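Engineer: Submitted below is the structure of interest, expressed as structure tokens.
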Amino acid sequence: MDYEMDMEPTGPQVTVREAEPYRVDFRLSSVDLAFANSLRRTILAEVPTMALDLIEIESNTSVLPDEMLAHRLGMVPLNAKNCSQMDYTRDCDCEDHCMRCSVTLSLHARCGSGIMPVYARDLIVQGDRLNDTIGDPVITDPEGKGPLICKLRKGQEIKLTCLAKKGTAKEHAKWAPTAAVGFEYDPHNNLKHVDYWYEQDAAKEWPISENAAWEPAANPDQPFDYDAEPSTYYFDVESIGNLEPDMIIQQGIFVLQEKLATTISVLQGGAEDGHVGGIDDADMMGGGDPDAYEPPEGMDGHLTAYGNGAGGAWGASAQTPYGATPYGQGSYGF
């Protein structure tokens, strides 16, 4: 006899609701809250990007102090596509810096008359780099100027050299790949995880979000289910332009896989030959599963500096990614 069975999809389900050049809105379902929140936190803090990290100021006669000018430069977003090919400065074998761990940019502007605005477009890449776009200032405005760095009056001048390095937002916010990550679950508050404060009527003072249209509200006549758990989550990821939104999410998944593989390795004794208790590293990363996530081209498979079996990146024997302290040297690391 022949039987027909309706097979429901298993595993995480993703529905892309909106997709723009610098923003993606999607719904993630069939996962638990711990996984969804881990992905959110990884996207926010552990996806590597490029940012100006060391500023050497030769001349600055503008009204901005050197420290403020260096801070503004550090917050200029830089193109970080395929930055996984680069090394962290703390892991590079070079003595100071090289094309494998940094990109050099220079800025020289002098005002002849009136008021002269200096924009990110005035940052010029110097020397060699791993590809033709990495380290370029992100310029998205129609005028092609980029973020404003400062303004100069007649006779004022700034001349400086910058080093862009690879890093994560866990070290400093300038390496953040996103401007914001919206995250919501249970828009009807069926699970009562939120206790709304209100004066007269919670329904009027706390209007539900647009995500409520994607799932039904609980029947008020039904008894409350104390064992219910969330399974659907709404993400709104906004990029600042250094990475595309889909690349940010893919990188977040990849970094999360690396951290999980490292955890498994440490818990099982971590052999140096790449085999842990009979389990190959590729198996821990899902290499034996045909449905496992595979990072897109341009992403390497190396473990992060925080989980490669060695000491912590900021341990007593480690070098800080900023080099020597900036005081008295005319350089500012931000």
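The values are calculated or read from the model by the stated rules, or taken from the named source; none is laboratory data. All values derive from a computational prediction rather than experimental measurement. For neighbour counting, all protein chains shown are included, and Cβ atoms are generated from backbone atoms with ideal geometry for every residue, glycine included. SASA here: full protein model, heavy atoms, side chains in, ligands and nucleic acids out. Shrake-Rupley method; radii C 1.70, N 1.55, O 1.52, S 1.80 Å.
Engineer: Residues in the stretch 184-230 that are surrounded by 11 or more Cβ atoms within 10 Å (Cβ to Cβ), under 22 Å from R27 (Cβ atoms) and hydrophobic (A, V, I, L, M, F, W, C): how many?
Structural biologist: 8
Engineer: Right, next: Hey, can you tell me all the residues within the stretch 19-54 that are polar (S, T, N, Q) and part of a loop (DSSP other than H, G, I, E, B)?
Structural biologist: Of everything in the stretch 19-54, just one residue is polar (S, T, N, Q) and part of a loop (DSSP other than H, G, I, E, B), namely S30.
Engineer: Open to solvent by 20 Å² or more (accessible area, probe 1.4 Å), at pLDDT below 95 and more than 25 Å from Q250 (Cα to Cα): which single residue out of D87, D128, D132, D91 fits that description?
Structural biologist: D128
Engineer: Continuing with the same structure: Looking at T104, is it part of a strand (DSSP E or B) and of a type in the set (S, T, N, Q)?
Structural biologist: yes
Engineer: Check L54, L33 and return the single one that is among the aliphatic types (A, V, I, L, M), open to solvent by 40 Å² or more (accessible area, probe 1.4 Å) and in contact with a Pro (Cβ under 7 Å, 6 or more places away or on another chain).
Structural biologist: Going through L54, L33 in turn, just one is among the aliphatic types (A, V, I, L, M), open to solvent by 40 Å² or more (accessible area, probe 1.4 Å) and in contact with a Pro (Cβ under 7 Å, 6 or more places away or on another chain): L33.
Engineer: Within the stretch 153-181, restricting attention to residues that are assigned to a strand (DSSP E or B) and hydrophobic (A, V, I, L, M, F, W, C), which residue is surrounded by the most Cβ atoms within 10 Å (Cβ to Cβ)?
Structural biologist: The selected residue is A164.
Engineer: Still on this structure, please answer the following. If the Cβ limit is 7 Å and pairs must be 6+ apart or interchain, which residue in the stretch 218-230 that is closer than 20 Å to P187 by Cβ and part of a loop (DSSP other than H, G, I, E, B) pairs with which residue that is of a type in the set (S, T, N, Q) and open to solvent by less than 90 Å² (accessible area, probe 1.4 Å)?
Structural biologist: If the second residue must be of a type in the set (S, T, N, Q) and open to solvent by less than 90 Å² (accessible area, probe 1.4 Å), the pairs left are A218/N190.
Engineer: Taking the stated definitions as given, is D93 over 13 Å from I134 (Cα atoms), charged (D, E, K, R) and assigned to a loop (DSSP other than H, G, I, E, B)?
Structural biologist: yes
Engineer: Give me the pairs, please: first residue somewhere in the stretch 179-205 and among the aromatic types (F, W, Y), second residue anywhere and open to solvent by 70 Å² or more (accessible area, probe 1.4 Å) and in a loop (DSSP other than H, G, I, E, B), beta-carbon distance under 9 Å, and either six or more positions apart or on two chains.
Structural biologist: Y185/H193; Y196/W206; W197/W206; Y198/W206
Engineer: Let me ask you something else. If E238 passes every condition in (1) open to solvent by 50 Å² or more (accessible area, probe 1.4 Å); (2) at pLDDT below 95 but one, which one does it miss?
Structural biologist: (2)
Engineer: So in the stretch 127-152, with the set limited to residues that are touching a Ser or Thr at 6+ places or on another chain (Cβ under 9 Å) and assigned to a strand (DSSP E or B), which one is nearest to L107 (Cα to Cα)?
Structural biologist: In this case the residue turns out to be C150.
Engineer: Applying the selection to the stretch 60-78, what residues are in contact (Cβ under 8 Å) with a residue 24 or more places away in the chain, outside any loop (DSSP other than H, G, I, E, B) and closer than 23 Å to V138 by Cβ?
Structural biologist: L69, A70, H71, R72, L73, G74, L78
Engineer: Go through the stretch 152-203 residue by residue and tally those that are under 20 Å from C101 (Cβ atoms) and touching a Pro at 6+ places or on another chain (Cβ under 6 Å).
Structural biologist: Matching residues across the stretch 152-203 total 2.
Engineer: Determine whether I43 is under 16 Å from the mean Cα position of the chain (by Cα), touching a residue at least 24 places away in the same chain (Cβ under 8 Å) and surrounded by 17 or more Cβ atoms within 10 Å (Cβ to Cβ).
Structural biologist: Considered against the rule, which asks whether it is under 16 Å from the mean Cα position of the chain (by Cα), touching a residue at least 24 places away in the same chain (Cβ under 8 Å) and surrounded by 17 or more Cβ atoms within 10 Å (Cβ to Cβ), I43 comes out as yes.
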